[in-house]
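The values are calculated or read from the model by the stated rules, or taken from the named source; none is laboratory data. Worth saying up front: this structure is predicted, and the values here are computed from it rather than measured. We place every Cβ from the backbone using ideal geometry, glycine too, and count neighbours over all the protein chains shown. Side chains included, ligands, DNA and RNA excluded: accessible areas come from the protein's heavy atoms. Shrake-Rupley method; radii C 1.70, N 1.55, O 1.52, S 1.80 Å.
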Amino acid sequence: MIHKSGFVNIIGAPNVGKSTLMNSLVGEKLSIITNKPQTTRHRILGIINEFNFQIIFSDTPGMIDPIYPMQKIMMQYVEKSLEDADIILLTTEIGKFEDVSIFNYIFKKKNKNVPIIILINKIDKIEKKYGKCSLSHTVNYWHRLFPDSEILPISALKRMNQDLLMNKIKSLLSNHPPYYPKDYLTNRAEYFFVNEIIREKIFFFYQKEIPYSVEIHTKLFQDKNTFIDILSYIYVERDSQKGILIGKKGNAIKKLKFFSIKSIEFFFKKKIKLKFFVKVCNSWRYDYKKLKYFGY
Ligand SMILES: Nc1nc2c(ncn2[C@@H]2O[C@H](COP(=O)(O)OP(=O)(O)O)[C@@H](O)[C@H]2O)c(=O)[nH]1
Ligand SMILES: [Mg+2]
């Protein structure tokens, strides 16, 4: 039997729908999604296994010009995923015309023969907001930048053209044995998803710099048969942020806990006991040592 396998890496600007796309392709919510940029901080693998193929998707942080150390590390993940890709899904959205310097960068970093598929996402918005001509505008713009690449309009949210995309990917895969055991869905451990789910809730419930200043570190994840016992530390960068996170009479953190539990229970399909500790870790985003401690 011929087995095909390969790394399909999703890259693109912040907020274009990379995480939504990976989750919808894999059929599991592995990556968190918010309407704010720079939600995804790590590279996350999502694996599809069939008897004759294995596709390893990578969701990556949005491409930006990095300013502080955490962003620099985030961009190293993007760089790495340009280097090890077998297929690149360069994702953008309808009506978006990005800076050309990004593409020069992609060409410089990627391997010569690696095909790029350009995905123009969010085409479900055509009728409502943009009108049909905007799609042809966007397609033309990308075609000029990448004349050799296939361009596919999709909607990750509404799963439009997903079959077309999957067929295209399969046709480009090379013969190769599986890279991961065939029951693997991701490269991440359970506590990683706990961290990410809590972080997603923080993006929803808190404003301004709070979500960007927060890091979660799950110290305990113990499956006790009838429930899972979890202890998560929430780190903020300053004392004042600790107050905001906890809120008046602890109301804010109670709400955070309630909705985190709901989502974690949904993810693991099991009852959860969750405990939070809020701690201050001064300016951790700017400190390579602390970033390393947090797994960056
Ligand atoms: N209308 C529409 N919205 C989408 C689509 N895909 C993603 N979004 C929204 O775009 C926002 C950013 O999505 P996300 O997957 O987090 O983008 P990422 O930063 O590129 O990973 C979220 O509010 C998504 O719900 C789509 O196909 N159509
Ligand atoms: Mg993302």
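Just for the range 24-60: of the residues that are away from ligand 2 (no atom under 14 Å from the Cβ) and acidic (Asp, Glu), which one is surrounded by the most Cβ atoms within 10 Å (Cβ to Cβ)? Working first, answer last.
Going through the range 24-60, the residues away from ligand 2 (no atom under 14 Å from the Cβ) turn out to be 27-28, 47-56.
Restricting the remaining residues to those that are acidic (Asp, Glu) gives 28, 50.
Numbers: GLU28: 16, GLU50: 11.
Taking the candidates together, the pick is GLU28.
Kindly indicate the residue of the range 70-97 that is in contact (Cβ under 8 Å) with a residue 60 or more places away in the chain and open to solvent by 20 Å² or more (accessible area, probe 1.4 Å) and also nearest to TYR293 (Cα to Cα) among those meeting that condition.
The extreme case among them is ASP84.
Can you report the number of residues in the range 1-42 which are within 16 Å of ILE197 (Cα to Cα) and of a type in the set (Lys, Arg)?
Qualifying residue count, the range 1-42: 3.
Considering only helices (runs of 4 or more DSSP H) fully contained in the range 169-272, which possess at least 2 residues that are under 22 Å from MET22 (Cα atoms) and open to solvent by 20 Å² or more (accessible area, probe 1.4 Å)? Step through it out loud before you land on a result.
On the way: elements: 190-205, 210-213, 239-246, 251-268.
Correct list: 190-205, 251-268.
Taking the range 32-54 as the region of interest, how many residues are within 8 Å of ligand 1 (Cβ to nearest atom) and closer than 20 Å to ASN161 by Cβ?
Number of matching residues: 1.
Here is a list: ASN225, ASN161, ASN195, ASN251. Which entry is under 21 Å from SER31 (Cβ atoms), out of contact with any helix residue (DSSP H, G or I) (no Cβ under 7 Å at 6 or more places or on another chain) and outside the structural domain of ILE55 (by TED's automatic domain parsing)?
Working: ASN225 fails: under 21 Å from SER31 (Cβ atoms); ASN161 fails: outside the structural domain of ILE55 (by TED's automatic domain parsing); ASN251 fails: under 21 Å from SER31 (Cβ atoms).
Checking each option against the conditions leaves just ASN195.
Hey, can you tell me all the residues within the range 214-225 that are at pLDDT below 95 and more than 15 Å from LYS275 (Cβ to Cβ)?
ASP223, ASN225
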